[in-house]
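Data first, discussion second: the structure below is written as structure tokens.
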Amino acid sequence: MPSRPRNRIGEVYGQLTVVRPSERRSRGGNAYWWCRCSCGCEREVPSDKLSHNTTRRKATVTACESCSRERQVEGVCAKNDREELERRRAAQQNRLDLKGSIPDAWLKLPLTDAHARELGAVKFFRGTRCLRGHLAPYRINGGCMACAGQIPSAE
Ligand SMILES: [Zn+2]
Ligand SMILES: [Zn+2]
């Protein structure tokens, strides 16, 4: 005899609110529930995927299919943002360490390639040496400006 599923109506899992039971049962006998996502979409979710336990490595469903997909994309962006933030922090630190031994103007340049693009600038200075050992600003898409003979390298 399959046990009666616990009534989950009204329970909230991430963006999903359980709204009504489904007739569907998984092969393991788990009940499915219709859940409404905060975006208004509904999704049928098996009860074993509705869990607040995120510490165990267990797949849980917390949004409708399209929101879940969007969140994956956002997750990737967030990761890139974190890496970019890290690059800017490192550049800032490198530049502070170099203060006095490089032209002051370089300290006013954007910190990274992405930073320069954001500001509509063409040069940036991360405070790192190029592969040939120059200490000089870079051009976006163009690489080290000392390599290009556009600016003398700092010592
Ligand atoms: Zn949704
Ligand atoms: Zn160079």
Taking Lys and Arg as +1 and Asp and Glu as -1, residues besides S153 with C-beta under 15 Å from its C-beta add up to +4
Peptides 139-150, 76-87: what's the order by average Cβ count within 10 Å, highest mean first?
139-150, 76-87
Just to confirm a number: summing +1 for Lys and Arg and -1 for Asp and Glu over residues other than V76 whose beta-carbon lies under 14 angstrom from that of V76, what do you get?
-1
Expected vector for the range 9-21, Karplus 3J(HN,Hα) from phi with 6.51, -1.76, 1.60 and θ = phi - 60°, integer Hz, x for Gly and Pro, equals 4, x, 6, 10, 10, x, 7, 9, 10, 6, 10, 6, x
Would you work out which of C144, Y13, L131 lies farthest towards the positive end of the dipole of the chain, given +1 charges on the beta-carbon of Lys and Arg and -1 on that of Asp and Glu, about the Cα centre?
Y13
Looks like the range 12-63, by Cα gyration tensor root eigenvalues a ≥ b ≥ c and the a/c under 1.5 rounded cutoff (else prolate when a/b is bigger than b/c, oblate otherwise), is oblate
Of all DSSP beta bridges in the chain, antiparallel share, percent nearest 5
95 percent
Stretched fully, the stretch from E44 through E118 gains (0.36 nm per residue minus C-alpha distance, one decimal, in nm) 22.4 nm
Can you tally the lysine pairs in the chain where the Cα-Cα distance is under 21 Å and the two residues are eight or more apart, or on different chains?
4
So if I restrict to the alpha-carbon atoms in the chain, what is the Rg, and what is Dmax, the biggest pairwise distance, in Å?
26.6, 83
Suppose every K and R has +1 on its Cβ and every D and E has -1 on its Cβ; what is the size of the dipole of the chain about the Cα centre, in Debye to the nearest 20?
540 debye
Add -39500 (n - 2.57) for each DSSP H run of 4 or more in the chain, then divide by its residues: what number comes out at 222 nm, to the nearest 500 deg cm²/dmol?
-9000 deg cm²/dmol
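Here, each number is a calculation from the coordinates, and none is a lab measurement. Values in this document were obtained by computation on a predicted structure and should not be read as measured data. Methodologically, a virtual Cβ is constructed for each residue, glycine included, from the backbone with ideal geometry; neighbour enumeration extends over all protein chains shown.
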